[in-house]
Every structure is written in C-alpha cells, then in structure tokens.
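Step one of this worksheet: look at the structure below.
Please treat every number below as a calculation from the coordinates, not as lab data. Values in this document were obtained by computation on a predicted structure and should not be read as measured data. Here the Cβ is made from the backbone with ideal geometry for all residues, glycine too, and neighbour counts use every protein chain on show.
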Amino acid sequence: MSSANQPVLPQGAGYGKLNIRTGIGLFFSVLMVGLTAVQARYTGYSPKNSEEFSSASRSVKPGLIASGIVSAWTWAATLLQSSAVAYKYGISGPWWYGAGATVQVLLFAQLAAKLKLNAPYAHTWLEIVYARWGRTAHLIFMFFGLATNIIVSSMLILGGSATVTDLTGMHTIAACFLIPLGVAIYVVVGGMRATLLCDYTHTTVLFAIILTFIFTVYATSPKIGSPAKMHELLTAAAVSRPVSGNAHGSYVTMRSKNGLIFGVINIIGNFATVFQDQAYWQRAIASKPASTVKAYLLGGLAWFAIPFAFATTLGLAAVALTGDPSMRALTPADVSAGLPAAAAASALLGKAGAAVLLVLLFLAVTSATSAELIAVSSILTYDVYKRYVNPRATEAQILKISHAMVAFFALCMGLAGLIFYFIGISMGWLYTFMGVILGSAVVPIALCITWSRANKWGCIGGAISGFFAGIIAWLVTTSALNAGVINVTTSGGDFEMLAGNLASIGVGGIVAVVASVIWPEEFDFESTRALNIKRSASIGTNKVTYSDEKVDEKTTDKEHGFAETNFVLEEEGPIIAPDPDLDPVALDKAFRFATWSSVLLTIIMLILIPLPLFFSSTIFGVRGLTAWVVIGILWSFCSAISVVLYPLWESRVALAQIAQGIVKDIFAKGNGKNIARASSSGV
C-alpha cells in the first residue's frame, strides 16, 4: 500500500477525536444546563414541560427555525455523497444533489402552512393520520415514518464512521457507537429549543469551515489556487479519465446522462426523507404560526449552498488532484463510501485538512443526529406510549418516556449502522435506495394533511402497493441488466435504483390520487384542529380544560375505531386566549404564498436552469467555470447571513432583555427574573 493510501491521521487520533466528540457532547450538555437555567429564569420556558421539550412551546422565530432546518438537513451524505457525485459526474453532480434535495424543503412549506391551519397543536404528523383515518392507517404510516428515521440515521452513522476510519484507521464498530453518544446526552438535557440553539452554533461553524475550504481551493492553494487552474486540471483529467455519458467526457458540463439519472433518484428519495421525517414536522410544529412558511423557504434556499459549494470545491478537487503524490487512489468502493472529500482535504492541507474535515463531519453528523433523536422520541412517546400503552399519561410520565426514548434510539442508531456495515451496505448505496422503500408514502401523506377529499383506503393502498412495486421493479431491473445476478454491487446501479424509485413514488401517488378522485371523502379537519387543544385553549367562560384531570365525558368514534376522552376541570380564573397567529384567513394566505413561491422555485431549480444547459451540451470554458464557482461563493455568503446573522437580529429584543436580567441579578439579586418574565417577545 502506498503512503498516499495510508490513514492521514494516526488511529489514536480517531479515538481521540471521538473522545473529543464525547467531550464536546458533554460540553454541550453543560451548555444545555446553562441554557435551561437561563430559559427558566429569564424567559419563562422550561424543558421540564413536555410541550417545551418536544416542540419549544411552538414559539420559535423563523431565523432560528431556518438555521435548524439547515442543520437537520446537513447529513454526512450532504458533504460526502455530494462530493462523490461531483467526483463521478463533474459539475452536474453538485447541482443535482443540491437542487434535488432543496425543492423538497421548499415544497414542505405548503405542508407546514397546512399543519398550522389544520392541526396547530399536533405533536407529530402521525397524530393527524390517526385523528383522520384511525388505527390501521396510523400503524401503516408509522412503519414508513420510523423506517425513514432508521435509514436516515444509518446514513449518518455509515458516512461518519467510514470517514473516521479512512482518515485515522479507527475500527468502524467503535465509530458506529461512539458517534451518537455525546449527542444523546445533550438532547436529553436540553429538549427542542436548546437543541435548536445548538443547531445554530453547529451551522455557524459549518459555514465558517466550508468557506475556508472554498477559499483554500480557489484562492490560496499552491496545487489549485484559482478557477482557471481548476479548469486546466479538470480538462486534463477528462482526457485521461473521461466521464462516461458526459459531453466529450468533460467534467465541466451539465450534459451528464448519469448525473441526470442521479438527479431523478435524488429528487424522489429526498421527498420521502423530508415528507416522512418527523424532524421536519418537528420544526414546523415548533415555529411561530405566522412565520412557518418563511422559515422553510429561507432554510431551503440557505441549505442549497452547502452541498453545491462544498462539492464544487472538494469533489472537483479530488478529480483535479488525481495523480498528485499526496492524493490517495480512490476505488469504486471508496467513492460509494463518500471518501473523495476526505482524500481531497488531506491532499490539499495534509493532517490539518483531515482534522478540519473530521470537525466538519462531526458538526454535520451531530446536528442531524440530534434532530433524528428528538423526532423519534416524539413518535415513540406520543404515537406509541401515549396512544397505545398509557393514554392517561401524566406530564411527568410523558417527559420521562421522552428522555428514555432519546437514549433508546441512540443505541438503535449504532446497531443499525453496524448491521449495514457488516452486510456491505455503504452510505452511497443506501442514499440511492431509500426512495425505493420510502417513496410510496410521499403522496398519501401529503394528501392526508392538505386535501379534504383524500380517500383513506386509496392512500393506504397506494402506500402499500407502491412499496411492493418499488421493490419488484428494482429487483427485476437488477436481474435483467446483470444476467440474473442480484447482489449489493449489481443492485446499486443507476438504472436499477431509478426503476425502483420511479415505481415506488409513481404507483403510490397514482393509486392514492385516482382512488380519491373516484371515491372522494368529505373531511372538514375539525377533529385534527381539536388535537391536544385542551392543553392550550379555552372552552368556556370560566372553564379551562386539562387532559390529565378527571373524566367528565367520554365519546366514541365508531367509524375510526377509537375513543376520545374530554377531561374538564371547572376552575375560576382567567380564560386562556386563542393564539392570534392562528387566524385561518392569514394561514390560508400563507399557504397560497407557499404554493406559488415553492412551485416557482422548484421549476427554476429543476427545469429552467439545468435542462437548457443539459440539452445544449454546453462545456464551460474558464470564464464559465469561474462564474459557476463565484455563484456558489456568493450563495454561501447569503446563506450564512440568513441563518447565522438573521437569527441574532430577530431575537435582539429578547437577547437584550435576558442580558438586562442577568445584569440585574448580578447587582440586585432577584430583580432580573421578574423583569424578564414579564416580557412577551420570546426567543
């Protein structure tokens, strides 16, 4: 083995780095304790309340939600797989990765608006499914929801552990279990609001490191140093190693047949991992109703810069440096594991580059892992424990189970990553496969939340039939294209995955829509709007409803096969005012804005920009590549302003009041608490 293929960092650095990760996790735990104390004393919010722990009391402003979306959507795959497709397909790879995973977040703004309109007090999207369609649908769609979380979590662990092993030689088994340890600690301590604040710190450092890599590659590196030099090296690489399916084998063209195929697979698979992942619903639930749409549009556009700019930097650098003595040779298995970025970082900056990439990967993995942990905790707590095990669970019991489920799923993440590792499944393979088994439920879930005429059995049938159609199409295509040989290698091809993805989402969507058109239901969403409202809204002049008090009345919905219990406690006191942000007219207007803006942006990103470049077979010259790189840099700066500086600006009043309270506590103990709690500005 050549020295270039040896781990850049010693194995001890891998364990040391993960010990540092655990230490950082403990640091964040201490930070969570501090944030918790600040919340309780100066803002009135405390994660000892289950609503605050799981949904941040539904009061978070759009900038912080957007930052959380960027953080949750920045997986290990965002950095590693995007660079791998840049290495394989050239400049089309970063575009199709970024655009193909941005439009789902933009379109999710529509679901977020409908969530606030049709189920403003839901804890999970599965609660809405149960309220509308009952137990059978609830259990079926729970399978898809939890499968999504398991696959996403497995990709996080596989990508993180593969890169740590590649750079340090550390054993993958150790990496699989040590990665989620520190994350679980600080999620249990802090809850949703503090997790969003940690996501903000992660996102801030993430952009700082990405911009460092960008300027190193395109401005200061003696090996590349400019877009012109990058173009020269990529042109030379196309001569010695042309890209199959690209115009003239070039790396600097959008005319890439395999890049386009990857784009379609990427779009379908990411619809599943956004629409069915509770992590994205969790942020919609936590956001202030009036600004939910703004948060998702802002977060989606800001996130695009991360894979686009990062992969256009390190993914192309891995191609450009091929043959350089410091650049390790990459096998197809290495590329599938997402290692071009690690190889390029090491070749450019040596041990410093490897160490910085490990830190970057730590931020990506931990931020996304924290989102998955609290998302699964919410599902297991509200849709399993409270729904089927203990319907009359108290506040203390719900909070205790929420904490326990975070720890439980952290262990499951390590086990899932370990299982996929031993059966030979890489992050890249799993990334393209996820749409095959998850895509069938995308359209039925969207119809459940947004369309009053959606047919229950049509949507259930669509999800199930699409699931089997996707698997059958994937296996049949694999067998037909590989002389009957079906294994991990043959089943991971572009056309094999494309067939499975298209069949899954296509059959699921067609069955659900056709059944709903032929046999439409009439649903007014009143039962979903009433979900958990007893905890938050008044029902009479001097009566306040509590869900954990004695039973006064019980009614049964025979059609849905479940019982709903109304708990009423008569009590003298002030009436709880309805949330003024839940104005149906304003929310309906926000939905219409989300619809036309997200659809317009989707058309621009998936059709108007890439397809003309594809069909014209344009090959970028030096000026074209320079413009492409500059666009990525400018977009990165705009994104950083949106999710790093804007959250500080929008919370300036609350931050000033907290600071004022702290100062008063220091110089006049006890005064700060009262002043800060009187504020209604929120954070």
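Quick look at the numbers
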quantity	calculated
Listed peptides 215-224, 275-284, 322-331 by packing density, highest first (mean Cβ within 10 Å)	275-284, 215-224, 322-331
For 477, 366, order by how many other beta-carbon atoms lie within 10 Å, fewest first	477, 366
Pairwise label distance in nanometres, residue 487 with residue 356, each label 7 Å out on the Cα-Cβ vector	4.0 nm
Simple spin-label estimate for residue 411 and residue 667 in nanometres, 7 Å along Cα-Cβ	5.2 nm
Other-chain or far-sequence residues with amide H under 5 Å of residue 327's (modelled H)	none
Sorted by Cβ density within 10 Å, fewest first, the residues 377, 244	244, 377
Entries of 223/351; 456/589; 114/386; 386/456; 288/400; 116/294 with Cα pairs more than 19 Å apart	456/589; 114/386; 386/456; 288/400
Cα gyration tensor, segment 429-469 - rounded (a/c under 1.5), prolate or oblate	oblate
Packing-based exposure ordering (other Cβ within 10 Å, fewest first) of 70, 105	105, 70
Per-residue ³J(HN,Hα) for segment 75-81, Karplus 6.51 cos²θ - 1.76 cosθ + 1.60, θ = phi - 60°, Hz, x for Gly and Pro	7, 4, 4, 4, 8, 8, 5
Net charge of Cβ neighbours under 9 Å - reference residue 130; Lys, Arg +1; Asp, Glu -1	+1
5 angstrom amide H check on residue 246, placed H, neighbours 5+ away	257
Pairwise label distance in nanometres, residue 586 with residue 495, each label 7 Å out on the Cα-Cβ vector	5.5 nm
5 angstrom amide H check on residue 287, placed H, neighbours 5+ away	60
Extension reserve of the residue 389-residue 333 stretch, reckoned as 0.36 nm per residue once the Cα distance is removed	15.7 nm
Burial ranking of peptide ranges 642-650, 115-123 (average Cβ count within 10 Å, highest at the top)	115-123, 642-650
Shape call, segment 371-489: gyration tensor on alpha carbons, a/c limit 1.5	oblate
